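*Asks:* Let me begin by handing over the structure; questions about it come next.
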Amino acid sequence: MSRLFSLCGLIVGLAMVPGHALAEEWKDRAEVRLIDGGVLPDGVTRLAGIEIVLDPEWKTYWRNPGDSGIPPRMDFSASGNVAEVGVEWPAPELHYDGYGWVIGYSDAVIFPLLVTPEDSAAPTRLKVKLDYAVCKDICIPAEAEAEIDLDGKASRAAAIDFFRARVPDRLEAATGKAGVVSHTVTVEGGEPVLELHVGFSGDAEDAFAVVEGPEGWYLPVPERTGSDEAGNAVFQVPLDGVEDPATISGAELRITGVSPLFSFEQQITLD
């Protein structure tokens, strides 16, 4: 079964928006380049984006690749006049490839970058070294380098804004009918299992959730087991990949919920 929210022609059209700083030949089934998105309303933060355009039927990975794969690693250390780069992660797609769950993107993706210059009056030379992977039937490691000058004078890029709109909302707690409503850890078959009750705004039929734990935790994609009486989606994920079960209580987890109409990110603390 595939839960794949394809962006189809809309993404392809946005990917052709002028203003790309670097156009490279297709390598490893993907083209990587940087886009200048101008400056944010604060007048200081410069907006940019790492664009990956994929060969048809190929995919690349989110920060959590799923059951296998390689998440993108971005190195901006060679940049000039850069104090900080914040990376935003658009809501991913979930796809079963016959072997396991893949969390990532098809067709194309832009990772928005919030660039804080050391000197806001001077131009920034943004350089990125990207280690990532693409997959179709197998996962292929890849790398790319790109650079661009950001002077804050460029107009806003519709392509970046489109993917910024897909970045999950950050919730402090469940709001209305959206977010993690409740969570419990039980023991089934001698192993701890986390159960999540999650609300989504709008249609949640194809919604999914991803759970990220502390370093060293290995958590599979949660299985959707149904809905509760309030209509919240119910997910379960075994915690048998936790090396030390004594660390479960008090652990902080990041939950990402994705549906066709609404996505969110929320921190929870296990009891």
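The values are calculated or read from the model by the stated rules, or taken from the named source; none is laboratory data. None of these values were measured; they are calculated from a predicted model. As a convention, Cβ positions derive from the backbone with ideal geometry for all residues, glycine included, and neighbour counts pool all protein chains shown.
*Asks:* Does E93 meet the test of being modelled with pLDDT of 95 or more, acidic (D, E) and under 16 Å from E51 (Cβ atoms)?
*Replies:* So E93 does not fit the description; no.
*Asks:* For segment 73-107, enumerate the residues that are of a type outside the set (A, V, I, L, M, F, W, C), closer than 20 Å to A159 by Cα and surrounded by 14 or more Cβ atoms within 10 Å (Cβ to Cβ).
*Replies:* E88, P90, P92, E93, G104, Y105, S106, D107
*Asks:* When segment 106-143 is examined, which residues are found to be not in a strand (DSSP E or B) and not basic (K, R)?
*Replies:* D107, P117, E118, D119, S120, A121, A122, P123, D137, I138
*Asks:* Taking K136, is it of a type in the set (D, E, K, R), loosely packed, with under 15 Cβ neighbours inside 10 Å and within 21 Å of P56 (Cα to Cα)?
*Replies:* Considered against the rule, which asks whether it is of a type in the set (D, E, K, R), loosely packed, with under 15 Cβ neighbours inside 10 Å and within 21 Å of P56 (Cα to Cα), K136 comes out as yes.
*Asks:* Scan segment 36-88 for residues that are among the charged types (D, E, K, R) and part of a loop (DSSP other than H, G, I, E, B) and report the count.
*Replies:* Residues flagged as among the charged types (D, E, K, R) and part of a loop (DSSP other than H, G, I, E, B) within segment 36-88 amount to 5.
*Asks:* Among the strands (runs of 3 or more DSSP E) lying completely within segment 154-271, list those that include at least 3 residues that are assigned by TED's automatic domain parsing to the domain that holds A108, within 17 Å of the chain's Cα centre (by Cα) and more than 30 Å from A48 (Cβ to Cβ).
*Replies:* Filter on segment 154-271 gives an empty set.
*Asks:* In the list S227, S182, S249, which residue meets the criterion of being among the polar types (S, T, N, Q), in contact with a His (Cβ under 7 Å, 6 or more places away or on another chain) and surrounded by fewer than 18 Cβ atoms within 10 Å (Cβ to Cβ)?
*Replies:* S182 is the lone residue from the list that is among the polar types (S, T, N, Q), in contact with a His (Cβ under 7 Å, 6 or more places away or on another chain) and surrounded by fewer than 18 Cβ atoms within 10 Å (Cβ to Cβ).
*Asks:* A further question follows. In segment 157-179, what residues are among the basic types (K, R) and surrounded by 13 or more Cβ atoms within 10 Å (Cβ to Cβ)?
*Replies:* Within segment 157-179, R164, R166, K177 meet the criteria.
*Asks:* What number of residues in segment 116-164 are among the small types (G, A, S) and under 25 Å from S68 (Cα atoms)?
*Replies:* Counting residues in segment 116-164 that are among the small types (G, A, S) and under 25 Å from S68 (Cα atoms) gives 3.
*Asks:* So for segment 100-107 (the condition being at pLDDT 95 or above, more than 15 Å from the chain's Cα centre (by Cα), over 13 Å from K59 (Cα atoms) and outside the structural domain of G199 (by TED's automatic domain parsing)), does at least one residue qualify?
*Replies:* no
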